[in-house]
Amino acid sequence: MKTFNVPVIYRSPLISAIKNQRKQQDRMKKDFSPTELDFGPIKILLARHFGFCYGVENAIEIAFKTVDENPGKRIFLLSEMIHNPHVNNDLLDRGVQFIMDTSGRQLVPWEQLQPDDIVIIPAFGTTLETEKQLASLGIEPLKYNTTCPFVERVWNKAEQIGQKNYTVIVHGKPKHEETRATFSHSQAGTPTVVVKDIKEAALLAEFITGERPPEEFYELFKGQYSTGFDAAKDLQRVGVVNQTTMLATETQAIADYIRQVMVNTFGLTEATTGERFADTRDTLCYATNDNQTAVTGMLQEPADLAIVVGGYNSSNTSHLVELCEEKLPTYFISSPEHMLSSTAINHWDFHHKKEINGDTFLPQKDQVTILLTSGASCPDALVEGVIRRLLSFYGLEHKADELATV
């Protein structure tokens, strides 16, 4: 796989040493058990896969190269390049400006842009409407494009099934940049509707079966369907694609559920299912799959708690938190500094979108076992920082240096 030129500040000698060792032991990535780091009073079980993915490294390389090669020019990002505050702040510090925030709210009016300005498309991609807007201003919209190839793969799949007259159901968060981009590209070729979870998929199914009258669709799915969507006829043939960072098990559950609804409603057999339900297979990216599977493998081990590191608005990271929360007390932090002491931690409650000031953290016992992972947009340097911070509570930070030189 291609390697990228990522700023050294995001790298970690310690984490690189660990990842390289695991890669040598398991080149085919069949072993999803964690790496055990036993420091005596504290044992850290590090997920088999975590951190920067292909798409993130690609985006970082393009963005920083663009800044380096265009001194004196105004450089803009459509919105956050990835969902990690450290990377985004580094770009802001280098003079890059965000045109929109992550919800699509305009920060820099379009009329302030000039033809010789540079506009970078973030890793999530963008809508066809935004591309058209940039072109109208004399800016080549895709000249500095960091869209993840795995996001583009979803767009291609949606286009393929749309050409066969299937309606596209997108499993994603309706307000997320990637879902907005996928929706835009998909609806250009075929009727499209977004469902955020299995509950909305079940609600949509009631329109497929006729349990609900078509008129109710437009209010229940307001803002989540394409222009001109006809609930009476556009749910006769469907296929499911997804936002690449969603929970893999939920996407599969939604696809399986909708498929079965089509089979039952239209009396299909295995041989005729394709007449009503498109075989889209999985459109989740490899890194999301690997990271989630690694967490599942990690959770097979006995532990006291889990720590997940990443941006608080990161979709793929929040799903790792969800998986950990099912079994253990879980702390979602964006940097080591949130661990104030062995007994106090400030961590993010993504369910209620607020920070929690915890006055209990590491249990008092002979050996504390911690599961540790990070999201696909989180620099390895932050994970190393978390390990060092944890070790410092036991006076063992020097152990990290020893490990990095093994």
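The values are calculated or read from the model by the stated rules, or taken from the named source; none is laboratory data. Note that this is a predicted model, so its numbers are computed, not measured. All Cβ positions, glycine included, derive from the backbone under ideal geometry; neighbour counts span all protein chains shown. Only protein heavy atoms, including side chains, enter the accessible area calculation; ligands, DNA and RNA are left aside. Shrake-Rupley method; radii C 1.70, N 1.55, O 1.52, S 1.80 Å.
With the alpha-carbon atoms as the only input, what is the per residue convex hull volume for the chain in Å³?
Cα-based convex hull of the chain, divided per residue, equals 159 Å³.
Keeping every protein chain in place, order 373, 245 by accessible area at 1.4 Å, biggest value first, i.e. largest first.
Descending order: 245, 373.
Please find the FRET efficiency linking residue 352 to residue 160, where r is the Cβ-Cβ separation and R0 is fixed at 60 Å, and quote it to the nearest 0.05.
0.95
Please label the shape of region 225-294 as rounded, prolate or oblate, based on the square roots a ≥ b ≥ c of the eigenvalues of the alpha-carbon gyration tensor (a/c under 1.5 means rounded; beyond that, a/b larger than b/c means prolate, else oblate).
Since a/c reaches 1.5 but b/c is at least a/b, the shape of region 225-294 is classed as oblate.
Within region 338-406, which trypsin sites (Lys or Arg not before Pro) sit in a loop by DSSP and count at most 14 neighbouring Cβ atoms inside 10 Å?
Within region 338-406, the qualifying trypsin sites (Lys or Arg not before Pro) (loop, at most 14 other Cβ atoms within 10 Å) are 353, 365.
Let me make sure I get this right: for region 351-406, a, b and c are the square roots of the gyration tensor eigenvalues over alpha carbons, sorted descending. Under 1.5 in a/c it's rounded, otherwise prolate if a/b > b/c, else oblate. Which is it?
Note, shape of region 351-406 comes out oblate.
In the calculated pair distance distribution of region 1-153, what percentage of Cα-Cα distances lie above 18 Å?
Percentage above 18 Å: 63.
Taking amide H positions as placed in the peptide plane 1.01 Å from N, state which residues far from residue 242 in sequence (5 or more) or on other chains have amide H under 5 Å from it.
Amide H to amide H, under 5 Å and 5 or more residues apart or across chains, residue 242 pairs with 171, 283.
Show that you can apply the helix-only estimate: for the chain, add -39,500 (n - 2.57) for every DSSP H stretch of four or more residues, divide by all residues, and state [θ] at 222 nm to the nearest 500.
Dividing the helical sum by the residues of the chain leaves -11500 deg cm²/dmol.
Taking only the alpha-carbon atoms of region 261-406, what semi-axes of the equivalent ellipsoid follow from 5 times the gyration tensor eigenvalues under a square root, in whole Å, largest first?
After diagonalising the Cα gyration tensor, the semi-axes are 39, 17, 14 Å.
How large is Rg/Rh for region 286-333, to two decimals, with Cα atoms and a Kirkwood Rh?
Rounded to two decimals, Rg over Rh is 0.94.
Report the Rg/Rh value for region 98-172, based on alpha-carbon coordinates and the Kirkwood definition of Rh.
So for region 98-172, dividing Rg by the Kirkwood Rh gives 1.03.
For region 178-267, what class follows from the C-alpha gyration tensor (a ≥ b ≥ c being the square roots of its eigenvalues): rounded when a/c is under 1.5, otherwise prolate if a/b is larger than b/c, else oblate?
oblate
Could you check how much of the accessible area of the chain is carbon and sulfur, as a whole percent, using a 1.4 Å probe?
Result for the chain: 49 percent of the exposed heavy-atom area is carbon or sulfur.
How many angstrom lie between the C-alpha centres of region 324-360 and region 220-288?
Cα centres, region 324-360 to region 220-288: 36 Å.
Once fully extended, how much extra length lies between residue 202 and residue 272, figured as 0.36 nm per residue of separation less the alpha-carbon to alpha-carbon distance?
Gain in length upon complete extension: 22.9 nm.
Hey, got a sec? Which trypsin sites (Lys or Arg not before Pro) in region 11-56 land in a DSSP loop and have at most 16 other Cβ atoms within 10 Å?
Answer in residue order: 11, 27, 29, 30.
Using 1/(1 + (r/R0)^6) with R0 = 51 angstrom and r between the beta carbons of residue 69 and residue 304, what's the FRET efficiency to the nearest 0.05?
0.60
Sort 153, 259, 281, 105 by heavy-atom solvent-accessible area, probe 1.4 angstrom, most to least.
Per-residue accessible area, sorted high to low, gives 281, 105, 153, 259.
Kindly state, to the nearest 0.05, the FRET efficiency for residue 16 paired with residue 256, given R0 = 41 Å and r defined as their beta-carbon distance.
After rounding to 0.05, the efficiency reads 0.60.
With +1 on each Lys and Arg Cβ and -1 on each Asp and Glu Cβ, how big is the dipole of region 303-357 about its Cα centre, in debye rounded to the nearest 20?
Using only the charged Cβ atoms, the result is roughly 100 debye.
At 7 Å along Cα-to-Cβ for each site, give me the label-to-label distance between residue 279 and residue 152 in nm.
2.6 nm
With a 1.4 Å probe and all protein chains kept in place, how do 38, 93 rank by accessible area, largest first?
Putting 38, 93 in descending order of accessible area: 93, 38.
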